[in-house]
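Engineer: Could you have a look at this structure, given as structure tokens, before my questions?
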Amino acid sequence: MLSEKTAVTQSENYWRKHLMLDPRPVREMNQMILTAMTTVNKRYWITVTTLTLFVTIGLIGAWGYQIFNGMGVAGIRRPVYWGVYITNFVFWIGISHSGTFVSAILRVFKAEFRRPITRASELMTTFALTVAGLYPLIHLGRTWRFYWMIPYPNQRQLWPNFHSPLMWDMLAIFTYLIGSTLYLYLPLIPDFAMARDRTTGWRHRIYRILALGWRGSESEWHHLKQAITIFAFAIIPVMFSVHTIVAWDFGMTMVPGWHSSIFGPYFVVGAIFSGVSAVATVLIILRKTMQLDYFLREEHFDAIGKLVLVFSFAWTYFFFADYLTEWYGGEAVGKELLTLQARGPIAPLWYIMLITNILVPWLTLWNRKIRTSPKALLVITLGVNIGMYIERYIIVAGFLTRNRLPFDWGAYTPSIVEILISIGSLSTFLLLYVLASRLIPLIPVWEVHEGQISHTLRRVGQALLPSVSELE
Amino acid sequence: MSKYEHHWTMIVDLDKCTGCQACVIACQAENNIPVVGEDEIRKGRGMQWLRIERYWEGEYPNIRARFIPLMCQQCENAPCEPVCPVFATYHSEVDGINVQVYNRCIGTRYCANNCPYIARMFNWFDPQFPEPLNEQLNPDVTVRQRGIMEKCTFCIQRIRRARETAEAEGRSIRDGEVQPACGQACPTNAIIFGDLNDPNSQVSRLAANRRGFRLLEELGTEPAVIYLKGGESNVI
Amino acid sequence: MSSYELSRREFLKLSGLGATAALISGCTANLQKTVWMEPYVTPPEETLPGEDFWFASTCRMCPAGCGIVVRTSNGRARKIEGNASHPLNQGKLCARGQAGLQLLYHPDRLTQVLKRTGERGSKQWGTTSWEQIVDEIAAELANMSSERVAFLTGRLPDYQAMLVSRFMDGLGGEKPIVYDAQSVLDGYVLLQAATQAMFDDKRLPVFDIAQADVVFGFGANFLETWLSPVAYGLAYGAMRSQSGIRGTMVSFEPRMSMTAANSDRWIPVPAGYEGLVALALGKIIVDERLGHDGVADKYRALYKKADVGAIAEQSGISVEQLRKLAHLFATAHHPIAVPGGVLAGQLNGLDAIKAVTALNLIVGHTGDHGAIFLSPAPPSRDLMQFSPSSFSEMINLIERMKAGKVDVLFVLGANPVYEIPEVLGFVDGLAKVKRVISFAVIPDETTAVSDIVLPAHTYLETWGYELPNPGKQQLIVSAQQPIVRPLYDTRDPGDVLLALADKLGGQVARRLPWPNLVTFIQTRLTSLQILSGNITANDAETFWIHWLQSGGWWSQDTVWESPNPTESFLNTPLQVNEPTFDGDAEKFPLQLLPVASVAFGDGRHASLPWLQEMPDPTTTVSWDTWVEINPQTAASLDIQDSDIVKIRSPYGEIEAVAYLYPGIHPNVIAVPVGQGHTELGRWAQNRGANVWRILSPQTEPETGQLAWAATRVKVEATTKRRLLPRLESNIGVDRAREKGHLPG
């Protein structure tokens, strides 16, 4: 006979652990979100000011300086024609994969833990893409001629060259940016409506426009759900295509170390690896700074931690496959690349990458305690992103220092301008996110609520078990 | 016979090349290539389209130096061409060489990465020709702005001029009529230029030489520059 | 150029403005605005816009005298190329020759006559007109005893040398002193002395490398800077491609020069032992009676004193290898041994050159193709060739200056403040000279301490002629003519001398009776009209025009002569002393070898940016001064690549960046000459180090020529480093050598 007390403890355990089994009134949740959104303290403004300063220095100051003086102010040189800018580009594209992966794939596979974290990650996608999209411009020798890449009937009577992977890249990024922005926006509509109904003044006016007159009728919900489902399915191939094409920027060339058929999936896995890690990082910070402990719980970090570990496995597999192929291929220049990584000037970076991307996740993330500790997870996921940045740096700037003509090998160190622009772009991302955190409901309340409705604790024999009912 | 009207080809006889740099300066003078200065050279940002690579063989005292002049190889299957998003580099249908349209270039530097010969030079800054040094600029060749990629053109301006002259005189271009600046200056006659479509041209004869090879031939880029291997005499 | 510079865009804007202005002025009659519109460039009236003109002339970037053609359009010189019909260089031109344009259009050129206003060396100048300055100098010279006037020149173009020589002759002063750093590096005087001693003829030897099948170079950097690099370059190309037979080349020298790098084998000989090696080779040939049957016997006396075993030990080349080399040389059909400039840097230079030249005799090929010849002699006294003085005359001049015996010093075509060993105290001597008058194109170290600076035409702005020396198998009188109008208020030094002579009157005016340079040159050419050459003209005017058009006159026939050794030479045994060096071997363990730079020659062209940026052929370094050190030596001194090192000689020290050079004898370090200028325009100033400064002032005993490679030095590491601007990736190149795979 199950005692009443045990039953209570059991269900308390469930509540504490699982958001879905710890329902609160919608009103209360709404209020929590609105409070988080509208609470602005001094620290917030300091952050915003500092970031704005960095953005100004990096994107207006340093980039402007580069445009007016020439690409030479960057550290790139023959034969390393691409450097930190392209590294940043690939990195931010990688980060942008977080949102879609966490949100769309988990949505498609109906992973319930996704519910409170979809918004935060989708937002990352959009902002990371925005920042990534800056880099092809920053990196152009003649930025003021960027529009020559856009296909439109023009007086030059010239179309862009669709043979060029850069053109595919541009198309893929635009598609992804539009798709992911819409995908971010659709589930936001009910939340905007919620905010509209509970705010006054300028917020009310903005949310009224953004809510598109949402009333919450049955047919509106029906259409929204359908649209979200369609987008969730449609955005996944776009996501794969984007990073595959970014990889093809490298893979389609005959540059030693780049020319590899594995690069497409390798880059996609790497992107998801870094993207999911970035989601964890951001969620930990959001929970801390916006008091979202109710919504973001151990179970979420646990799940994300597992994902990070799984993608660490996957990334390692690709890395190893690529490395081994190069090694056994035995081509002279290929071997030089391996020497460069193991003993050359970039060796320290390479070993850091191996530690942060393989050693640390493998040794720690199998442990549930570490997975659910926000501090530990923060360190690990930050490490993964540093490692993934290094991986791209080695591939872009490192491999270019070696080529088939040993006379023309080179060296590369980023210049102050490149570093400032990089900091500026990171600050842009953070600033956008920080500003958005006070304008956009960061937790999709309706999705959480929807999940909570469908979850109940049922008594089966002596045990209390959670059960989920399919709503659709 | 190739599919082009001309198949401009350069023969570089490595046995004759002494590494004296006359070609380098000739090229620089003919093509308005700017001087970039000490610091830029230290960074590896020299602009000379033609460079002479020097490799060492052996150890002291049995050491030899090898010189290889390297310029754009004008590949038939040029890796630089398909990657350019704006058609700034493409294959000339008349001359069969790889053409760079400066005005079209937006500076992605993709072509330069993809060139296995590292033959492409980038204008990291605006070129400087302090007055009156600008008086010397070749009026047939554009001065390139910052942010533009450039490379050896086989002195296309000279090819064009020869063709115009030949057309005006109602004949075809004679062998030896077109000489790029480098070949013209070369004191040892190590650089020979001509039309491979003309079976009687000097390059056609030299191309059949058994010392002939193309650089990084295994990549299948089919360069239009043919090197003649440096000779070996067995000396003590 | 006072014209208002107008771009096309501005033109359109202004036309709009002009139209508006016209409208306004129509209303208000007072408002009168005139917009002057001129094209961006104002071409001289004889030029056709867009059309190219080609002018033939003579290159003066080094003393070789190659024929050039210069492309001009819109009155601007655009490119210098070789003159294809010129027998010396046959349409080819070296890097320095092509960079001549940058001398013409150098932004730091002297544009007007400068007269010192401040302290000497303070570089405070006033300007004055040519007329005034000529009057002033003439007045000064007129009131002066002629032995107190000295004229110091570099190796001038023949026409200028003739005028200077006649000028000094007319004044009754000493002969002009010709100190030319390039000629010193080339061993010009020693070569002359050697031919004098061996063949009783002062003409320079010419080596027919083109038709040789085995070339032994002893310190001969003939592909880079030595005497006539383009002509020898052509010959080298021909030597490598003789039908069926590929010529073989072996180089003997302590440092692998570019020429040695192109040899089939470079044999590192300790500095100064090249002549001894030649002696040993000769001894073996004579002893073993190699070469043409019996020829060697005739020369047995020459090698009486040679000891092959000892030489093998000293030079580190085994007797076995010496024998192999001797066989290679003597059994060839057309072997040739070339004594180069590097030999001339040693105190045993003259004997070494003789020993090497003798190798050509004992194999019995003189008079055959692929052998040694004498440079053609000028056809008449009107076209004399002038050669450098010996260095002891220079020392003598410095002593005279120091003793206050020189009141007026003219400097033309030389930069003595820069290119003379500092210990000789030229600058101290200069301080005692009342009036220093320099001619220059770009302000240099000597003009900085002069009283009057006379801006000279570049060779592209003036007239002249040149008899290339060494020449080719034809006699050549190369033409020089203005390619563009003078850019500034400059004059040819020859014209200045003529004007001075006119002012001075008397004996000087009688020695220089011509009104201008052109008349003078035309009188020089009259002797050529009757000779059979490329020009047939009945009158002087036609000859002149053809001469200018074809870039010179050259004889139809081959005029090369084979030298005949004198009896006294044949009967005196050759002797080459072991080299000695200035400085204590304990304190200064290394020998310093200054290297003539492929880019700057003796340093005079360091002002030109193309040449500054031109990679050195063997090290690929540009813009800087480096010191080549054998990697072993560097390791023992704990010096790494790119370390800044101090090079200390008994006479001073300089700093240079270490380049670990695998092609240099461990006891020798090499420093290229040419950098370390304190003047010479924006690109040369304050860059690198000047190796001339720390050289020993020793001279070769017989000729009195500067032994510029006989200085011992010590190399010390400093804590500083400076990456050399170099084209090569040294990591990559080292890897390629390690792995043994080169592209191609």
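The values are calculated or read from the model by the stated rules, or taken from the named source; none is laboratory data. From a predicted model like this one, the values you see are computed outputs, not experimental measurements. In this analysis, Cβ positions are derived from the backbone assuming ideal geometry, glycine residues included, and neighbour counts consider all displayed protein chains. Side chains are part of the model used for accessible areas, which takes the heavy atoms of the whole protein and leaves out ligands, DNA and RNA. Shrake-Rupley method; radii C 1.70, N 1.55, O 1.52, S 1.80 Å.
Engineer: Which FRET efficiency value, to the nearest 0.05, do you get for C:R510 and C:E653 by plugging their Cβ-Cβ distance into 1/(1 + (r/R0)^6) with R0 = 41 Å?
Structural biologist: So, using R0 = 41 Å, E works out to roughly 0.20.
Engineer: If you don't mind, another one. At a probe size of 1.4 Å, how large is the accessible area of A:W144, to the nearest 10 Å²?
Structural biologist: Looks like 80 Å² after rounding.
Engineer: Would you be so kind as to list the residues of the stretch A:245-276 that have their accessible area lowered by at least 20 Å² in the full protein complex compared with their chain by itself (1.4 Å probe)?
Structural biologist: Correct list: A:T253, A:M254, A:V255.
Engineer: Next question, about the same structure. What FRET efficiency comes out for A:T50 versus A:Y351 if R0 is 35 angstrom and r is the Cβ-Cβ distance? Round to the nearest 0.05.
Structural biologist: On the way: r = 33 Å, r/R0 = 0.94.
The formula returns an efficiency of 0.60 here.
Engineer: Ordering A:W221, C:W560 by how much accessible area each has at a 1.4 Å probe, largest first, what is the list?
Structural biologist: If we order A:W221, C:W560 from most to least accessible, we get A:W221, C:W560.
Engineer: Kindly state, to the nearest 0.05, the FRET efficiency for A:K335 paired with B:R211, given R0 = 30 Å and r defined as their beta-carbon distance.
Structural biologist: 0.55
Engineer: Next question, about the same structure. Could the peptides A:170-177, A:236-243 be put in order, highest first, of the mean number of other beta-carbon atoms found within 10 Å of their residues?
Structural biologist: A:236-243, A:170-177
Engineer: Further, regarding this structure: Can you send over the solvent-accessible area of A:T200, 1.4 Å probe, protein chains only, in Å² to the nearest 10?
Structural biologist: About 120 Å², ignoring ligands and nucleic acids.
Engineer: Leaving out ligands, DNA and RNA, and with a 1.4 Å probe, what % of the accessible surface on the protein assembly as shown is carbon or sulfur?
Structural biologist: 56
Engineer: For the protein assembly as shown, what is the Kirkwood hydrodynamic radius in Å, using each pair of distinct C-alpha atoms? It would help to have the intermediate numbers written out before the result.
Structural biologist: Numbers: mean 1/r = 0.0274 Å⁻¹.
Computed over the protein assembly as shown, the radius equals 36.5 Å.
Engineer: For chain C, what is the mean residue ellipticity at 222 nm derived from helices alone (per DSSP H run of n ≥ 4: -39500 (n - 2.57); sum divided by total residues; nearest 500 deg cm²/dmol)?
Structural biologist: On the way: 25 runs with 228 residues, N = 744.
After summing the helix terms and dividing by the residues of chain C, the value is -8500 deg cm²/dmol.
Engineer: Between C:L593 and residues 5 or more places away or on another chain, which pairs have amide H atoms under 5 Å apart, with H built 1.01 Å from N, and which residues are they?
Structural biologist: Amide H to amide H, under 5 Å and 5 or more residues apart or across chains, C:L593 pairs with C:I669, C:A670, C:V671.
Engineer: Can you give the helix-only mean residue ellipticity at 222 nm for chain A, where every DSSP H stretch with n ≥ 4 adds -39500 (n - 2.57) and the sum goes over all residues, rounded to the nearest 500 deg cm²/dmol? Mind showing how you got there, number by number?
Structural biologist: Working: 19 runs with 304 residues, N = 472.
Calculated from helices alone, the mean residue ellipticity at 222 nm is -21500 deg cm²/dmol.
Engineer: What shape does the stretch B:8-228 have by the C-alpha gyration tensor, where a ≥ b ≥ c are the square roots of the eigenvalues, rounded means a/c under 1.5, and otherwise prolate means a/b greater than b/c and oblate the rest?
Structural biologist: rounded
Engineer: Mind checking the log10 I(q)/I(0) for the stretch C:590-737 at q = 0.09, 0.12, 0.20 Å⁻¹? Debye, one equal scatterer per Cα, no solvent, two decimals.
Structural biologist: Summing over Cα pairs of the stretch C:590-737 leads to -0.27, -0.48, -1.29.
Engineer: Nearest 10 degrees, 0 to 90: what angle lies between the long axis of helix C:319-330 and the longest principal axis of chain C (Cα atoms)?
Structural biologist: Helix C:319-330 sits roughly 60 degrees off the main axis of chain C.
Engineer: Which three extents, in angstrom, do the Cα atoms of the stretch C:78-166 have along their principal axes, listed largest first?
Structural biologist: For the stretch C:78-166, the Cα spread along each principal axis is 50, 32, 23 Å.
Engineer: Using only Cα atoms and rounding to the nearest 10 degrees, what angle (0 to 90) does helix C:130-142 make with the longest principal axis of chain C?
Structural biologist: 60
Engineer: Within chain B, which is the longest segment that contains none of the trypsin sites (Lys or Arg not before Pro) sitting in a DSSP loop with at most 16 other Cβ atoms within 10 Å?
Structural biologist: B:4-170
Engineer: Also: What list of ³J(HN,Hα) couplings, whole Hz, do you get for the stretch A:345-359 from phi and the Karplus terms 6.51, -1.76, 1.60, once you set θ to phi - 60° and write x for glycine and proline?
Structural biologist: Once rounded to whole Hz, the list reads x, 9, 3, x, 4, 4, 5, 4, 4, 4, 5, 6, 8, 10, 4.
Engineer: log₁₀ I(q)/I(0) of the stretch C:310-396 at q = 0.26 Å⁻¹, via Debye over equal Cα point scatterers, no solvent, to two decimals?
Structural biologist: Values returned for q = 0.26 Å⁻¹ are -1.32.
Engineer: Using Cα positions and a limit of under 15 Å, work out the aspartates and glutamates in reach of B:K151, with same-chain residues fewer than 8 apart set aside.
Structural biologist: B:E30, B:E81
Engineer: Can you list the aspartates and glutamates whose alpha carbon is less than 19 Å from that of C:K432, not counting same-chain residues fewer than 8 positions off?
Structural biologist: C:E119, C:E140, C:E147, C:E174, C:E393, C:E399, C:D407, C:E422, C:E445, C:D451
Engineer: Let me know the volume per residue of the alpha-carbon convex hull for chain A, in Å³.
Structural biologist: 176
Engineer: Just to be sure I understand the interface: list residues from the stretch B:165-204 that lose 50 Å² or more of accessible area between the chain on its own and the complete protein assembly, 1.4 Å probe.
Structural biologist: B:Q184, B:P187
Engineer: If you don't mind, there's one more thing I want to ask. To the nearest 100 Å², how much accessible surface do chains B and A hide from each other in total, with a 1.4 Å probe? Numbers along the way, then the final one.
Structural biologist: Details: alone 13120 and 22380 Å², together 31610 Å².
Counting both chains, the buried surface is close to 3900 Å².
Engineer: Averaged across C:628-635, how many Cβ atoms of other chains sit within 10 Å of each residue's Cβ atom?
Structural biologist: 1
Engineer: Which percent, to the nearest 5, of DSSP beta bridges fully inside the protein assembly as shown are antiparallel? Provide the component values of the computation, followed by the final result.
Structural biologist: Details: 77 of 122 bridges.
Roughly 65 percent of the DSSP beta bridges within the protein assembly as shown come out antiparallel.
Engineer: Need one word for the stretch C:185-374: rounded, prolate or oblate. Basis is the Cα gyration tensor (sqrt eigenvalues a ≥ b ≥ c); a/c below 1.5 gives rounded, then a/b vs b/c decides.
Structural biologist: rounded
Engineer: Gain in length, C:K298 to C:A403, computed as 0.36 nm per residue apart minus the alpha-carbon separation, to one decimal in nm?
Structural biologist: The span from C:K298 to C:A403 would gain 32.6 nm if fully extended.
Engineer: Another question, then. For the B and C pair, go ahead and give the buried accessible area with a 1.4 Å probe, both sides summed, in Å² to 100.
Structural biologist: Between B and C, the summed buried area is about 6200 Å².
Engineer: Please list the non-local residues whose amide H lies under 5 Å from the amide H of B:T89, H modeled 1.01 Å from N, same-chain partners needing a gap of 5 or more.
Structural biologist: The answer is B:V101.
Engineer: Cross-link list C:K304/C:K354; C:K434/C:K503; B:K229/C:K354; C:K123/C:K402; C:K587/C:K720: which exceed 25 angstrom alpha carbon to alpha carbon?
Structural biologist: B:K229/C:K354
Engineer: Long-range amide H contacts for C:F216: which residues qualify at under 5 Å (H placed 1.01 Å from N, peptide plane, sequence gap of 5 or more or a different chain)?
Structural biologist: It is C:V250, C:I336, C:A337, C:V338, by chain and number.
Engineer: Could I ask something else about it? Just to confirm, what accessible area per residue do you get for chain C at 1.4 Å probe, in whole Å²?
Structural biologist: Using a 1.4 Å probe on heavy atoms only, each residue of chain C averages 35 Å².
Engineer: Which entries of C:K202/C:K405; A:K335/C:K739; A:K306/A:K375 have Cα-Cα distances beyond 22 Å here?
Structural biologist: Checking Cα-Cα distances, C:K202/C:K405 exceed 22 Å.
Engineer: Something else: When the solvent-accessible surface of protein heavy atoms is calculated with a 1.4 angstrom probe, in what order do A:I206, C:I336 fall, highest first?
Structural biologist: From most accessible down to least: A:I206, C:I336.
Engineer: Let me ask you something else. For n ≥ 4 DSSP H runs only, could you compute -39500 (n - 2.57) per run for chain B, divide by its residues and tell me the 222 nm figure to the nearest 500? Before the final figure, lay out the partial values.
Structural biologist: On the way: 7 runs with 47 residues, N = 236.
Value at 222 nm, helices only: -5000 deg cm²/dmol.
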